[in-house]
1. Karplus couplings for segment 109-114 from phi (6.51 cos²θ - 1.76 cosθ + 1.60, θ = phi - 60°), rounded to Hz, Gly and Pro as x?
2. Take the Cβ-Cβ distance between L146 and I11 as r, set R0 to 35 Å, and report the resulting FRET efficiency rounded to the nearest 0.05.
3. If the convex hull of the alpha-carbon atoms of segment 7-141 is projected onto planes in all directions, what is the mean projected area in square nanometres?
4. Contour minus end-to-end for E174 and R212, with contour as 0.36 nm per residue of separation and end-to-end as the Cα-Cα distance?
5. Take I122, I11 and order them by how many other Cβ atoms sit within 10 Å, fewest up front.
6. So what is the calculated 222 nm ellipticity per residue for the chain, using -39500 (n - 2.57) for each DSSP H run with n of 4 or more, over all residues, to the nearest 500 deg cm²/dmol?
7. What does the convex hull of the alpha-carbon atoms of segment 84-201 project to on average, in nm²?
8. What is the sum of charges around T15, taking Lys and Arg as +1, Asp and Glu as -1, for the other residues whose C-beta is under 11 Å from the C-beta of T15?
Amino acid sequence: MTTAVSHKVTIWVQTLRPRTLPAAVGPVLLGQALVVPGYFGWPTAILCLFCALSLQLAVNLANDLFDGLSGVDQHDRLGPPRALQAGWLSAGELRAGLMVTLGGAVASGLWLVLFGHWLLWILGGLALLGVLGYSGGKRPYANLGLGEVAVWLFFGLVAVLGGLLAQQSPITLEAVLAGVLVGMPVAAILVVNNLRDRHTDARAGKVTLAVRLGPGATRRLFALLTMVPLAATLPLGLSAWAWGAWCMTGLTALGLVREMQRRDGAALNALLGMTALYSLVVALWLWLRLVVAAG
């Protein structure tokens with residue numbers, strides 16, 4: 001591989017932001033773990049994961065493209081460099097990448113809706129609108145302070161219950177609870193991102209929830225999103241291993257909350273990756289609590 005090609009590959013990998021992928025993996029795997037026995041199939045599970053990863057990569061490319069075109073991303077951006085803003089990739093290249101990732105999501109999604117529940121047609125359409133509507137279009141819903149709500153919905157209820165619908169599995173109360181809770185730490189990732197960018201977003205007219213709430217309330221929201229999944233799943237009546245897993249997850253959450261209180265600006269970049277990994281830990285804890293411990 002030549003130096004030029006290697007450099008281009010490195011740019012694309014950085015632009016796709018693979019560190020965000022745990023946020024997509026955890027909820028999907030949790031949903032598949034909650035499929036009622038007798039309904040689970042490996043091909044459908046793999047397609048669910050592929051579709052979720054494709055949508056996550058598409059979101060990353062769409063944000064890079066639309067924030068660059070709208071002027072939100074400028075030279076004083078505090079987050080990791082964006083490809084369009086830095087001049088690494090053109091708008092045409094990003095559009096092509098967006099079409100490829102969306103194409104992967106649509107192709108796998110069509111298979112799922114053809115052999116799954118009819119409600120997946122609606123959820124799939126909403127997911128595509130969610131990818132393109134966060135920072136694109138005339139009225140991006142990020143400007144309405146709805147970004148965190150959308151992330152919680154799509155990485156929570158849609159990811160978990162959509163997985164059951166794809167397997168034609170009945171919807172259980174445990175799955176609904178899991179969907180409500182697992183999306184919270186994923187939404188916390190966006191809270192960190194928007195707290196870091198609140199000043200440049202406000203300057204560009206991007207009125208995120210962090211811009212609306214201010215830093216104090218935004219940090220309290222982060223604490224709520226990280227701690228509620230644990231408070232709602234106390235391992236009462238379970239064995240010592242469940243308490244041990246719960247306590248370890250809780251200590252991790254407390255560490256993140258403390259770091260959120262101490263950091264600001266570019267120093268929050270490291271917290272983004274840590275929160276993404278924590279979302280995967282929460283998905284694992286919910287699997288242990290709702291699947292393994294329940295027998």
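Bear in mind these aren't lab numbers, they're just calculated from the coordinates by the rules spelled out. Not measured: the values here are computed from a predicted model. Counting neighbours? That spans all protein chains shown, and the Cβs are built from the backbone with ideal geometry, glycine included.
1. Along segment 109-114, the couplings run x, 4, 4, 5, 6, 5 Hz.
2. On the way: r = 31 Å, r/R0 = 0.88.
My answer for the efficiency is 0.70.
3. Details: hull surface 36.6 nm².
Its average projected convex-hull area is 9.2 nm².
4. Numbers: separation 38, 0.36 × 38 = 13.68 nm, distance 3.39 nm.
Contour length minus Cα-Cα distance gives 10.3 nm.
5. Details: I122 11, I11 16.
So the residues, fewest neighbours to most, are I122, I11.
6. On the way: 14 runs with 207 residues, N = 295.
Dividing the helical sum by the residues of the chain leaves -23000 deg cm²/dmol.
7. Details: hull surface 34.3 nm².
Mean projected area for segment 84-201: 8.6 nm², to one decimal.
8. Working: positive: K8, R17, R82; negative: D64, E93.
Taking every Cβ under 11 Å from that of T15, the sum is +1.
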